[in-house]
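Working notes for the structure below.
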Amino acid sequence: MELFINQVLAGIATGAIYACMALAVVMIYQAIDHLNFAQGEMAMFSTFIAWQLMQWGVPYWWAFLLTLAFSFAGGIAIERMLFKPLAKAPVLTNVAGFIALFAIVNSVAGLTWDFTIKQFPSPFGSSPFLGSQLISTHQAGMIGVTVGLLILLYLFFQFTRIGLAMRAAASLPESARLVGINTSWMIALGWGMASAIGAIAGILIAPVVFLEPNMMGGVLIYGFAAAVLGGLTSPLGAVVGGFLVGVFENLAGTYIPGVGNELKLPIALALIITVLVLKPAGLFGRPIVKRV
Amino acid sequence: MSAVEEAANEAPAVEAVPKRAMTLGYGTSLVVLGLLIIAPMFLKNFFVFQMTMLLIYALAVLALNILTGGSGQFSLGQSAFYAVGAYTSAILMEHMGVNYALTLPIAGIICFGFGFLFGQPALRLSGIYLALATFALAVAMPQLLKLGFFEHWTGGVQGLVVTKPDAPFGLPISQDRWLYYFTLVVSIGIYIASVNLLRSRSGRAFMAIRDNEIAASAMGVDVALYKTLAFGVSAGITGVAGGLGAIAVQFVAPDSYTITLAISLFLGMVVGGVGWLPGSIVGSAFIIFVPNMAEHISKGLSGAVFGVLLFVVIFLVPHGARQVAIVAQQLIGKLKKG
């Protein structure tokens with residue numbers, strides 16, 4: 001039983017990474033109805049910016065804030081320049097666009113900061129949390145930040161005018177335009193926020209997986225798995241999904257014989273397919289009915 | 001908040017391509033074929049090898065084109081089918097001593113089965129969800145191939161070395177040239193079969209599903225069957241390409257079949273023009289030669305060049321090589337008249 005509890009705790013700790021990433025994925029999905037395959041790379045790029053600022057001697061929290069601002073602006077710029085013209089294009093074109101963005105960002109980061117692995121500092125330190133060997137203070141801090149972010153997002157979407165406008169633009173664009181909401185800019189705002197959340201995720205993940213241009217590959221798949229499990233239309237679902245995926249991954253590794261480190265990605269694959277087949281809307285998502 | 005979407009106003013997953021616009025005319029086909037037959041006679045062995053790879057990737061892009069351009073389903077997981085085909089050929093040749101030519105149909109059949117089975121869960125997914133599921137498949141594949149459980153057969157992380165076949169009947173041509181012509185014959189066979197498939201009843205069913213699934217099922221098309229069938233056919237052709245690839249490269253290893261390969265194939269399809277079968281070879285040339293050229297300019301730049309070019313294609317020629325071909329055709333027509 002103690003082993004079980006320990007594994008669940010460790011799972012929640014890794015799950016926080018996936019939850020962060022899933023939150024970013026869901027944000028953009030809500031705004032534009034597409035999964036951003038380049039989300040992980042954008043987060044990686046933001047993390048490199050934070051690292052670069054710190055190398056130049058900017059204090060941690062200033063670097064953090066500057067990176068957020070930069071990512072927000074960057075997300076909006078990408079939407080305005082590259083994806084706004086594609087809004088009416090077929091899904092295929094959009095997927096191609098995301099892949100192109102993925103390749104560009106990955107390659108530019110590799111060129112600028114090369115592919116060596118870099119250490120990234122943690123604001124929470126890495127000593128054991130409350131005497132537990134399984135969760136470090138960094139992981140506890142990560143869980144805290146994720147939950148805090150979720151609450152902030154909830155407050156933003158429920159209680160601010162602009163949050164309401166964003167929800168309106170996402171669910172019924174036509175009617176939203178009729179009541180005077182600039183839906184096009186709401187989408188840009190969604191990109192900016194997703195990009196900033198991705199930056200937070202990247203900065204939190206980097207001390208664990210170390211900083212390098214390919215650090216997000218595996219994390220993004222798990223982020224997708226978490227987002228799909230929780231339901232692509234629900235930020236709460238994404239976070240819960242993230243923790244569930246982390247716990248599931250750890251328990252499967254402990255109790256199912258033959259599942260070691262090498263099977264981690266196939267587990268994510270199996271999870272994604274199972275959820276999509278059994279309950280495509282996810283645990284918290286609302287099913288979409290199509291009118292012909 | 002209403003959860004009802006207007007399906008009619010939504011952008012389709014893939015733009016419709018009329019059946020006739022999918023192929024080349026007879027004359028042009030013969031010219032291309034002639035070039036493909038004559039060119040290798042004057043090239044060095046290394047270039048012949050590259051042309052072999054050109055044909056192999058063209059086959060894989062063609063397979064994806066049947067799936068996406070034909071039936072309107074996505075796949076970012078073609079590398080997984082390619083890997084299964086490559087491993088099937090390699091294992092049959094090295095462990096069981098089967099003749100290389102015979103391994104190809106077996107690879108095709110096994111991949112057809114694999115694709116057909118994967119098509120079953122994929123049935124319930126469309127658009128972006130399908131892209132996601134196949135994306136996960138592609139990412140997971142190298143890990144599955146590395147499993148200790150299969151190591152005796154697959155050689156684990158090290159992979160397998162494949163012997164290159166000699167030209168039969170004592171023909172006085174080099175191994176590379178022989179393999180090129182062998183690949184060419186297989187490719188032409190598959191190309192003709194694909195064209196005929198898309199012109200057949202099944203092909204019309206694919207396109208009906210692509211353009212409007214609900215209307216297709218109302219017309220009596222068995223949507224589930226034809227969707228999985230498209231997956232199976234596409235996976236089968238990709239498997240044959242994978243088998244040929246294993247023989248040409250003489251080596252299979254899990255890390256040759258990563259998501260990068262799947263993305264390249266997808267890119268090849270977009271560049272060549274979705275739903276235009278001859279575009280496959282243009283797309284294949286793009287994914288083979290452009291990274292090489294970009295590497296010459298600066299190391300590590302190929303990703304950026306790839307991405308930028310892809311955006312250029314999306315914005316300027318959204319129909320890829322097909323659009324270029326149509327414009328060229330019209331220009332030639334004008335010149336003839338004037």
Between B:L225, B:L160, B:L62, which gets the highest mean-square fluctuation from a Gaussian network model of chain B, Cα cutoff 10 Å?
-> B:L225
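So what's the back-of-envelope 222 nm ellipticity for chain A, counting only DSSP H runs of four-plus at -39500 (n - 2.57) apiece and dividing by all residues, rounded to 500?
Details: 11 runs with 208 residues, N = 292.
Value at 222 nm, helices only, nearest 500: -24500 deg cm²/dmol.
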Quarter of the Cα convex hull surface for chain A, i.e. its orientation-mean projected area (nm²) = 16.7
Across A:F70, A:F45, A:F224, the residue with the highest GNM fluctuation in chain A (Cα network, 10 Å cutoff) is A:F70
Might you report the magnitude of the Cβ-based charge dipole of region A:2-278 about its Cα centre, with Lys and Arg at +1 and Asp and Glu at -1, to the nearest 20 debye?
-> 620
What are the semi-axes of the equivalent ellipsoid of region B:194-338, taken as the square roots of 5 times the eigenvalues of the Cα gyration tensor, listed largest first and rounded to whole Å?
-> 30, 25, 15
Of B:A205, B:A63, B:A107, which has the largest mean-square fluctuation in a 10 Å C-alpha GNM of chain B?
-> B:A205
For region A:174-242, what log10 I(q)/I(0) values come out of the Debye formula at q = 0.18, 0.19, 0.24 1/Å, with one point per alpha carbon and no solvent?
-> -0.83, -0.88, -1.10
For a paramagnetic label modelled at 7 Å from the Cα of A:Y154 toward its Cβ, which residues of region A:219-238 fall within the zone defined by backbone nitrogen distances under 15 Å?
-> A:234-238
Would you mind ranking B:E295, A:E174, A:E2 by Cβ crowding within 10 Å, fewest neighbours first?
-> A:E2, A:E174, B:E295
Radius ratio Rg over Rh of chain B, counting only Cα atoms, Kirkwood formula for Rh | 0.97
Using Cα centres only, tell me the gap between region B:268-289 and region A:46-95 in whole Å.
-> 31
What's the average, rounded to a whole number, of partner chain beta-carbon atoms within 10 Å of each residue's beta-carbon in B:307-315?
-> 6
With bins of 10 Å, the percent of all Cα-Cα pairs of the protein assembly as shown per bin from 0 is 3, 15, 26, 26, 18, 9, 3, 0, 0
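Among the helices of chain A (complete DSSP H runs), which have Cα atoms covering no less than 18 Å along the helix axis and a Kyte-Doolittle mean of at least -1.0?
Membrane-span-like by this criterion, though nothing is claimed about a membrane: A:2-32, A:39-55, A:60-78, A:91-113, A:137-159, A:183-209, A:216-230, A:235-255, A:264-278.
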Using Cα centres only, tell me the gap between region B:179-254 and region B:52-124 in whole Å.
-> 9
Here the relative contact order (percent) of region A:2-278, from C-alpha pairs under 8 Å and at least 6 apart, is 40
Pop a pseudo-label 7 angstrom from the Cα along the beta-carbon direction at both B:F42 and A:Q55 and give the gap in nm to one decimal.
-> 5.0
Which value at 222 nm does chain B reach when only helices count, each DSSP H run of 4 or more adding -39,500 (n - 2.57), with the total divided by all residues and rounded to the nearest 500 deg cm²/dmol?
-> -23000 deg cm²/dmol
For A:V208, B:V157, A:V179, B:V48, what's the fewest-to-most ordering of other Cβ within 10 Å of each Cβ?
-> A:V179, B:V157, A:V208, B:V48
Would you kindly state how much longer the chain becomes between B:R124 and B:V324 on full extension, computed as 0.36 nm times their sequence separation minus their alpha carbon distance, in nm to one decimal?
-> 68.4 nm
Once a ≥ b ≥ c are taken as the square roots of the eigenvalues of the Cα gyration tensor of region A:39-192, is the result rounded (a/c under 1.5), prolate (a/b larger than b/c) or oblate (a/b not larger than b/c)?
-> oblate
Calculate, axis by axis, the spread of Cα positions in region A:192-283 along the three principal axes, and write the results as whole Å, longest axis first.
-> 39, 30, 17
Order of B:D211, B:D176 under a 10 Å beta carbon neighbour criterion, fewest first = B:D211, B:D176
Residue span B:R201 to B:L335: 0.36 nm per residue of separation minus Cα-Cα distance leaves a gain in nm of 44.4 nm
Among rounded, prolate and oblate, which fits region B:28-99 when a ≥ b ≥ c are the square roots of the eigenvalues of its C-alpha gyration tensor, a/c under 1.5 means rounded, and a/b larger than b/c means prolate?
-> oblate
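Read the figures in this text as sums done on the coordinates, not as results from a lab. Nothing here was measured: the structure is a model prediction, and the numbers come from that model. Every residue, glycine as well, gets a Cβ built from its backbone with ideal geometry; the counts of neighbours run over all protein chains shown.
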